Structures are given as C-alpha cells and as structure tokens.
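Shown next, in structure tokens, is the structure this report addresses.
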C-alpha cells in the first residue's frame, strides 16, 4: 500500500508541476496575442493607385534623378516606394499585396494624392506591374518632418 501511495504522490506532484508550466506558457501566449491584436487593429486599409518604376531612362526621365538615391538620400532598392508626403510621410511602413512590405522613402513629380510608385528591379517588371488600383495596408505612419 505504501508503494502505491508513493507512486500516486509522485504522479500528483509531477502533474501539478506540468500544469503550472502550461498555465505559465498560456499566460505568456495570451500576452503576446494581446500585443499582436493591438497591432492588427492599428493597421489601416486605404485604396490607392499603384504604379512601378526602376532606375532606368524610361522610368526616370531626368538623368540627375537616376543617381540611385531617394529623396530621403537612401540608396534605392526593392521595398522602397515613392508617395505624396502630405498623405504618406517618409518612413511610413506599408503592406502592398503582390509586392510585400514597403517603406516610403521617395517622392515624385507625378506621385500625387493616393498614388504609390513602387521601386522594382527592372523596366520590364515595372511594365508588368502596370497600373493597379488596390487596397494597401498602413502598418505605421512615418514622420512629416522631412522636406
């Protein structure tokens, strides 16, 4: 009888320890879920016209602007977009379906209002993108202190 009781208590305390560990993990997961949920709720969907450009003479018709630098003086690369800074200030993080995450780092004379111009790797890719009216998602607004 004593051996059975010893086994029972061992199982009981081992199970209690395991349950405490699971409860702790649950609390951590619930906390992470709340953080993620608040981020998702802060994401704003906006409908815009999108076009694409690359660093070539067809996309950028002023040779001085083909220096591979954005208006924020960063080296241009995929994932950077040009926008009207009155609506999408520099540093604004976006999710663009079919393109991915992007950051507003540039502006252009033809990019006005709800229009985003996406940087792509080649002129043929820019032509393939064409003009698309679509919903994009603002993950975080940038700062309007750039000129």
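Number of residues in segment 82-94 that are surrounded by fewer than 21 Cβ atoms within 10 Å (Cβ to Cβ) and under 13 Å from residue 137 (Cβ atoms) equals 1.
For segment 53-67, check the following and say yes or no: at least one residue is at pLDDT 80 or above and either surrounded by fewer than 19 Cβ atoms within 10 Å (Cβ to Cβ) or touching a strand residue (DSSP E or B) at 6+ places or on another chain (Cβ under 6 Å) (or both). Within segment 53-67, one or more residues are at pLDDT 80 or above and either surrounded by fewer than 19 Cβ atoms within 10 Å (Cβ to Cβ) or touching a strand residue (DSSP E or B) at 6+ places or on another chain (Cβ under 6 Å) (or both).
Residue 126 passes every criterion in (1) closer than 12 Å to residue 50 by Cα; (2) surrounded by 19 or more Cβ atoms within 10 Å (Cβ to Cβ); (3) within 18 Å of the chain's Cα centre (by Cα) apart from (3). Across segment 95-123, the qualifying residues are those that are surrounded by fewer than 17 Cβ atoms within 10 Å (Cβ to Cβ) and at pLDDT 90 or above, and the one among them that is nearest to residue 74 (Cα to Cα) is 101.
The values are calculated or read from the model by the stated rules, or taken from the named source; none is laboratory data. From a predicted model like this one, the values you see are computed outputs, not experimental measurements. Positions of Cβ are generated from backbone atoms using ideal geometry, with glycine treated the same way; all protein chains shown enter the neighbour counts.
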